[in-house]
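As structure tokens, the structure follows; a few thoughts come after it.
The values are calculated or read from the model by the stated rules, or taken from the named source; none is laboratory data. Since we're looking at a predicted model, the values are computed, not measured. Every residue, glycine among them, receives a Cβ derived from its backbone with ideal geometry; neighbour counts consider all protein chains shown. Please note that ligands, DNA and RNA were not included when accessible areas were found on the heavy atoms of the full protein model with its side chains. Shrake-Rupley method; radii C 1.70, N 1.55, O 1.52, S 1.80 Å.
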Amino acid sequence: MSSVLVLSDLDGTLVDTERAHFEAYRSVLAGYGKELDWHSFERILNFSSIPMMLREYGIPESEFAEIRKRKDAAFLTTAAIAPLPGAAEFVEHCVTKGIPIVVVTNSAAHIVEFMKTKVPMLQTIERWVTRHEYERPKPHSDCYKLAKARWWKEGDRIIG
């Protein structure tokens with residue numbers, strides 16, 4: 001008999017973190033004399049990428065890692081993280097029914113651990129693939145291939 005393996009994203013799927021990421025980037029970019037507004041940030045999330053945004057702001061690539069480090073530090077001070085509607089019920093259903101759920105995220109492990117303190121339902125999920133475990137970030141499939149290699153069994157159906 002086949003079973004199911006559920007692959008889920010974290011940010012914007014299980015937890016609402018857009019405002020927290022926005023505020024963190026806005027704070028860091030202000031230190032570079034750049035202003036980030038909500039409309040621009042939404043456009044970046046939906047149609048672009050953070051590196052492309054930084055290039056558009058004229059920030060040299062040599063600064064990208066430092067900006068990410070500062071952004072993560074700012075993010076870790078936020079309280080604006082909450083489960084999205086229906087997420088807690090979905091996770092509880094999977095956990096109580098024994099349906100394996102794997103969270104595959106571009107977030108680093110220390111960010112995930114912080115989110116778990118803010119959203120306790122995340123602590124009930126046992127399987128995680130975080131950003132530093134794979135080479136190329138989403139939308140590339142490296143992270144999903146890693147999740148499949150770790151937890152998929154012959155005959156399983158994958159839902160993601």
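Assorted remarks:
- Total residues in segment 122-135, condition part of a helix (DSSP H, G or I) and either open to solvent by less than 30 Å² (accessible area, probe 1.4 Å) or touching a Pro at 6+ places or on another chain (Cβ under 6 Å) (or both): 1
- Some residue of segment 80-100 being farther than 29 Å from W151 by Cβ and surrounded by fewer than 16 Cβ atoms within 10 Å (Cβ to Cβ): yes
- Within segment 110-160, being modelled with pLDDT under 95 and of a type in the set (G, A, S) holds for S141, G155, G160.
- Candidate set from segment 70-79 (those that are closer than 26 Å to I125 by Cα and either open to solvent by 40 Å² or more (accessible area, probe 1.4 Å) or among the hydroxyl-bearing types (S, T, Y) (or both)); member that is modelled with the lowest pLDDT: A79
- Residue among K153, K138 that alone is open to solvent by 30 Å² or more (accessible area, probe 1.4 Å), closer than 27 Å to F47 by Cβ and in contact (Cβ under 8 Å) with a residue 24 or more places away in the chain: K138
- Flag: S49 matches the condition of being of a type in the set (S, T, Y), under 22 Å from K138 (Cα atoms) and out of contact with any Phe, Trp or Tyr (no Cβ under 7 Å at 6 or more places or on another chain).
- Here is the figure for segment 81-113: residues that are among the β-branched types (V, I, T), over 18 Å from Y134 (Cα atoms) and part of a loop (DSSP other than H, G, I, E, B) total 2.
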